[in-house]
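Enquirer: This structure is in structure tokens; I'll ask about it shortly.
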Amino acid sequence: MDPDRSARIRLAQLHLYVDNHINDQFLAPALTVVAAALLTRWLPVERVTIWAVVELAIIAIYITCYRRFRAAKVQVADERVWRRRIAWAHGAHMLSWSSIIVWGWVPGDAGNLMFTMMIHLGLVSLTAAMSNPHRRLLMSDMSIPIVALLAPPLLSAGGFNAGLALLGVFYCMLMLCVAFKIHGTTAEAIELRLRNEELISKLEHQARLDGLTGVANRSHLLATGNAEIRRASRFGHAMALLMLDIDHFKEINDTHGHLVGDRVLKAVSDACALAVRHCDCLGRLGGEEFAVILPETDLPSALAAAERLRETVAALQLHHREFPLKTTVSIGVAMLQAPGEPLAQLLHRADVAMYRAKNSGRNRVEAEVTAPMSDAGPEAVTA
């Protein structure tokens with residue numbers, strides 16, 4: 001199994017363990033008070049009171065530990081640290097209750113025997129039912145009441161007490177088998193859930209990418225552009241958009257075929273992807289046309305980024321057989337001018353600037369102009 005997935009499974013098991021035990025905050029204090037009241041029938045009130053106060057403090061400690069774990073949004077790397085904290089906190093709780101089998105044991109008293117055995121059976125059964133999601137914590141929780149079973153034959157020798165302890169050990173082994181079976185089923189369910197989450201994540205990621213080039217597809221690019229416009233408008237930040245078009249791409253397809261054209265598209269998109277920032281969004285609008293969304297970018301920075309892209313593509317050295325494939329791009333730059341400006345309008349202005357670059361000789365960067373342009377429109381230019 002993938003080590004990363006194994007670590008995520010262990011963290012999910014720890015979460016499930018904590019979720020199973022979190023309800024102790026409502027029931028454990030009440031059980032402590034009832035058990036203490038019953039113990040006063042055989043033991044001094046002062047002794048029982050000390051145990052009850054200590055146990056209530058332990059409950060408060062491990063419930064606090066659980067709450068902090070749930071609020072901390074624990075990462076996979078921190079699972080071991082939190083597992084140890086929880087093991088110590090809940091282990092103290094198990095030790096406190098298991099100790100009743102030792103100091104609360106009154107040999108020869110049938111009522112006390114029944115009470116002590118109910119405590120023991122309750123600990124073992126609840127541990128099997130609640131601690132099974134996490135194997136290591138299950139073993140540490142179950143080991144404490146098993147060890148406490150040695151107390152009856154040590155405190156009062158006799159075949160009956162030894163047999164009683166042996167019976168308790170067999171019961172513990174049976175409950176451990178049941179808990180391991182539940183643990184295995186739970187682990188399989190967690191692994192299946194994680195695999196499904198990974199598959200869904202991959203499918204969602206693939207749905208955002210262009211199948212040929214691997215950059216953002218048109219729908220994801222437009223969604224990102226709209227989101228960045230809303231953010232820039234809200235905070236009054238600058239935002240730029242670049243429109244790129246591969247020069248003479250139709251000639252490449254007509255001369256060398258569409259498979260070579262696909263190679264060129266892939267090479268250009270790969271080069272551009274390495275030249276943009278992590279926060280930028282490079283996407284394919286269609287055909288040989290790409291766009292880049294540049295958040296937090298003013299005009300000088302946008303022009304510099306566009307020039308960097310132009311130089312990167314121009315430096316590519318592609319060949320088909322013995323023929324060199326010259327690749328250049330014409331780039332138009334447009335800035336978000338007003339809060340809430342429609343993305344379609346921003347794309348149009350970048351597109352107009354890009355065609356100005358083509359009309360000016362290609363392999364150029366042109367920024368939008370606010371004055372009416374005398375250059376020929378898009379219909380006058382071929383790719």
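Enquirer: Enumerate the residues in the stretch 225-255 having an amide nitrogen under 17 Å from the point lying 7 Å beyond the Cα of R308 toward its Cβ.
Expert: Answer for this model: 239-244.
Enquirer: Put +1 on the Cβ of each Lys and Arg and -1 on the Cβ of each Asp and Glu in the stretch 34-161; which of W42, Y62, V76 then has its Cα farthest toward the positive end of the dipole?
Expert: The listed residue farthest towards the positive side: V76.
Enquirer: What is the sum of charges, Lys and Arg at +1 and Asp and Glu at -1, for the other residues whose Cβ falls under 11 Å from the Cβ of A216?
Expert: Around A216, the surrounding residues sum to +1.
Enquirer: Give me the orientation-averaged projected area of the Cα convex hull of the stretch 164-215, in nm², one decimal.
Expert: 4.4 nm²
Enquirer: Here are some values of semi-axes √(5λ) of the Cα gyration tensor in Å: (1) 36, 24, 18; (2) 35, 26, 21; (3) 74, 23, 13. Which one was computed from this structure?
Expert: (3)
Enquirer: Additional query: If R₀ is 22 angstrom, what is the calculated FRET efficiency for the pair V106 and V169, using the beta carbon separation as r and rounding to 0.05?
Expert: Efficiency computed from Cβ-Cβ geometry: 0.55.
Enquirer: If each residue's Cβ is checked for other Cβ atoms within 10 Å, how do L343, L95 rank with the fewest at the top?
Expert: Arranged by neighbour count, lowest to highest, L343, L95 become L95, L343.
Enquirer: For the pair R195/E251, report the inter-label distance in nm, with labels modelled 7 Å from Cα in the Cβ direction.
Expert: About 5.3 nm separates the two model spin labels.
Enquirer: Please turn the phi angles of the stretch 41-56 into ³J(HN,Hα) values with the Karplus equation 6.51 cos²θ - 1.76 cosθ + 1.60 (θ = phi - 60°), one per residue in order, whole Hz, x for glycine and proline.
Expert: Ordered by residue, 3J(HN,Hα) equals 5, 10, 10, x, 4, 4, 5, 5, 4, 4, 4, 5, 5, 4, 5, 5 Hz.
Enquirer: Count charges around L241 for me, please; just the other residues with Cβ under 12 Å from its Cβ, Lys/Arg as +1, Asp/Glu as -1.
Expert: Here the count lands on -4.
Enquirer: Of P339, L95, A305, which is farthest on the positive side of the dipole of the chain, counting Cα position, with +1 on Lys and Arg Cβ, -1 on Asp and Glu Cβ, and the Cα centre as origin?
Expert: Towards the positive end, the residue furthest out is L95.
Enquirer: Cα-Cα pairs above 29 Å in the stretch 218-380: how many percent?
Expert: Considering the stretch 218-380, 17 percent of its Cα-Cα pairs are separated by more than 29 Å.
Enquirer: Now for a separate question. How many nm is it between the label spots at R85 and S219, if each spot is 7 Å from the Cα in line with the beta carbon?
Expert: Modelled inter-label distance: 4.2 nm.
Enquirer: When the dipole is taken about the Cα centre of the chain, and only Lys, Arg (+1) and Asp, Glu (-1) are charged at their Cβ, what size is it in debye, to the nearest 20?
Expert: 1080 debye
Enquirer: Further question on the same structure: Considering only DSSP beta bridges where both residues belong to the chain, give the percentage that are antiparallel (nearest 5).
Expert: Antiparallel: roughly 85 percent of the beta bridges in the chain.
Enquirer: Now, a different point. Mind listing the phi-derived Karplus ³J(HN,Hα) values for the stretch 87-101, rounded to whole Hz, using 6.51, -1.76 and 1.60 with θ = phi - 60°, and x for any glycine or proline?
Expert: 4, 5, 5, 6, x, 4, 5, 5, 5, 4, 6, 5, 5, 4, 4
Enquirer: Further, regarding this structure: Determine by what factor the alpha-carbon radius of gyration of the stretch 1-153 differs from 2.2 N^0.38 Å, reporting the quotient.
Expert: In units of the 2.2 N^0.38 Å rule of thumb, it is 1.14.
Enquirer: Tally Lys/Arg at +1 and Asp/Glu at -1 over every other residue whose Cβ is under 14 Å from the Cβ of G257; what's the total?
Expert: With Lys, Arg at +1 and Asp, Glu at -1, the neighbours total 0.
Enquirer: State, to one decimal in nm, how far the label point of L299 lies from the label point of V34, with both points 7 Å from Cα in the Cβ direction.
Expert: 7.8 nm
Enquirer: From the phi angles alone, apply the Karplus equation (6.51, -1.76, 1.60; θ = phi - 60°) to the stretch 245-253 and give each ³J(HN,Hα) in whole Hz, x where the residue is Gly or Pro.
Expert: Listing the rounded values in order: 9, 6, 6, 6, 5, 4, 5, 4, 5 Hz.
Enquirer: Turning to a different aspect of this structure: Which residue, chosen from M239, S330, H183, occupies the Cα position most advanced towards the positive end of the dipole of the chain, where the dipole is computed from +1 (Lys, Arg) and -1 (Asp, Glu) charges on Cβ about the Cα centre?
Expert: H183
Enquirer: Here's something else I'd like to know. Compute the distribution of all C-alpha to C-alpha distances in the stretch 75-209, in bins of 5 Å from 0, and list the percent of pairs in each, rounded to whole numbers.
Expert: Using 5 Å bins, I get a P(r) of 2, 10, 16, 17, 14, 11, 9, 6, 5, 4, 3, 2, 1, 1, 0, 0 for the stretch 75-209.
Enquirer: Within straight cross-link reach of K326, meaning Cα distance under 18 Å, which aspartates and glutamates are found once same-chain residues fewer than 8 apart are removed?
Expert: Qualifying aspartates and glutamates at Cα under 18 Å: D245, D247, E251, D254, D262, D270, E288, E289, E307, E311.
Enquirer: Setting aside same-chain residues fewer than 8 positions from K73, which lysines have a Cα under 25 Å from its Cα?
Expert: Here the lysines satisfying the reach criterion relative to K73 are K202.
Enquirer: Can you work out the FRET efficiency for the pair E46 and D19, with r the C-beta to C-beta distance and R0 = 51 Å, to the nearest 0.05?
Expert: Efficiency at R0 = 51 Å is approximately 0.85.
Enquirer: Placing +1 at every Lys and Arg Cβ and -1 at every Asp and Glu Cβ, with all other atoms neutral, what dipole size does the stretch 218-380 have around its Cα centre, in debye to the nearest 20?
Expert: Computed about the Cα centre, the dipole is about 260 debye.
Enquirer: A further question on this structure: Label point 7 Å out from L316 along Cα-to-Cβ: which residues of the stretch 329-365 have amide N under 12 Å?
Expert: Label zone hits: 329-330.
Enquirer: Show the residues, 5+ positions off or on another chain, whose built amide H is closer than 5 Å to the amide H of H320.
Expert: Those qualifying (amide H under 5 Å, at least 5 residues apart or on another chain) are L325.
Enquirer: Okay, which of the stretch 1-17 sit inside 17 Å, backbone N to the point 7 Å along the Cα-Cβ direction of E188?
Expert: Answer for the stretch 1-17: 1.
Bear in mind that the values in this text are calculations on the coordinates, not laboratory data. It should be emphasised that the depicted structure is a prediction, and the values quoted were computed from it without experimental measurement. Positions of Cβ are backbone-derived with ideal geometry, glycine not excepted, and every protein chain shown enters the neighbour counts.
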